[in-house]
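To start, the structure under review is shown below, and the notes come after it.
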Amino acid sequence: MHKIVVVLTLAALAGGGTPLATAQQALDKRGVRIQIYFCRGDPHGSRRAGNLEVLAAPALRMQNKQSASVFYGQTVSLPIVGGGLREADIGVEIEVVPRLVADGKVLLEMAVGHSFVNIRNEGTSLIESRRWMVAWHGRLGEKCRIRLPGDGPEAYWMEVIVEEARR
């Protein structure tokens with residue numbers, strides 16, 4: 001640990017920056033791997049029991065403070081009033097920005113969206129969308145479950161693991 005501090009201090013003096021600024025620059029160059037499971041159902045359930053559904057499970061690799069987004073879904077055709085069809089994209093969209101902090105912790109900022117077709121009793125269908133903004137602060141390698149607020153009978157939640165990417 002002391003060797004790293006000495007190297008950073010010498011690099012800071014050579015470049016004219018402060019040791020703290022140089023340490024932050026070293027963090028900025030580090031990569032992370034983020035595994036996200038976006039789920040619907042009982043957080044204590046299982047897929048085998050049929051009370052848990054994984055809607056998306058992206059594994060993202062990016063640099064510290066870099067934004068990444070992913071969309072898992074499909075295009076559907078819906079009838080419109082007066083005849084004809086309208087195409088719409090439905091699915092799960094996740095945008096994430098990791099921010100590493102010096103003591104092995106990470107701040108993860110996420111925007112999560114879920115859109116789906118809701119078929120009404122009268123035979124009409126409508127696209128419903130939900131969007132959540134989530135911030136999580138934890139340790140690298142730690143598994144976290146985040147329950148997403150909602151007003152319906154189905155629970156939405158995410159399981160997230162952030163690790164330092166090895167080269």
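Things worth noting here:
- Among the residues of the range 117-163, those identified as over 22 Å from residue 40 (Cβ atoms) and either modelled with pLDDT of 90 or more or not acidic (Asp, Glu) (or both) are 123, 124, 137, 138, 139, 140, 141, 142, 162, 163.
- Among the residues of the range 31-51, those that are modelled with pLDDT under 85 and either among the basic types (Lys, Arg) or open to solvent by 30 Å² or more (accessible area, probe 1.4 Å) (or both) comprise 42, 43, 44, 46, 47, 48, 49, 50, 51.
- Some residue of the range 4-24 being within 24 Å of the chain's Cα centre (by Cα) and modelled with pLDDT under 80: yes
- Of all residue pairs spaced 6 or more apart or on separate chains, those with beta-carbon atoms under 8 Å, a first member in the range 43-58 that is more than 16 Å from residue 143 (Cα to Cα) and of a type in the set (S, T, N, Q) and a second member that is assigned to a strand (DSSP E or B) and open to solvent by less than 80 Å² (accessible area, probe 1.4 Å) are 46/52; 51/41.
- Residue 76 vs. criteria at pLDDT 90 or above, surrounded by 14 or more Cβ atoms within 10 Å (Cβ to Cβ) and among the β-branched types (Val, Ile, Thr): no
- Restricting the range 89-108 to residues that are surrounded by fewer than 16 Cβ atoms within 10 Å (Cβ to Cβ) and in contact with a strand residue (DSSP E or B) (Cβ under 8 Å, 6 or more places away or on another chain), the residue that is farthest from residue 42 (Cα to Cα): 101
- Unique residue being over 19 Å from the mean Cα position of the chain (by Cα) and in contact (Cβ under 8 Å) with a residue 12 or more places away in the chain when the list is 107, 85, 78, 100: 78
The values are calculated or read from the model by the stated rules, or taken from the named source; none is laboratory data. None of the values given here were measured: they were computed from a predicted structure. Neighbour counts run over all protein chains shown; Cβ positions are idealised from the backbone, glycine included. Remember, those area values only see protein heavy atoms, side chains included, never the ligands or the DNA or RNA. Shrake-Rupley method; radii C 1.70, N 1.55, O 1.52, S 1.80 Å.
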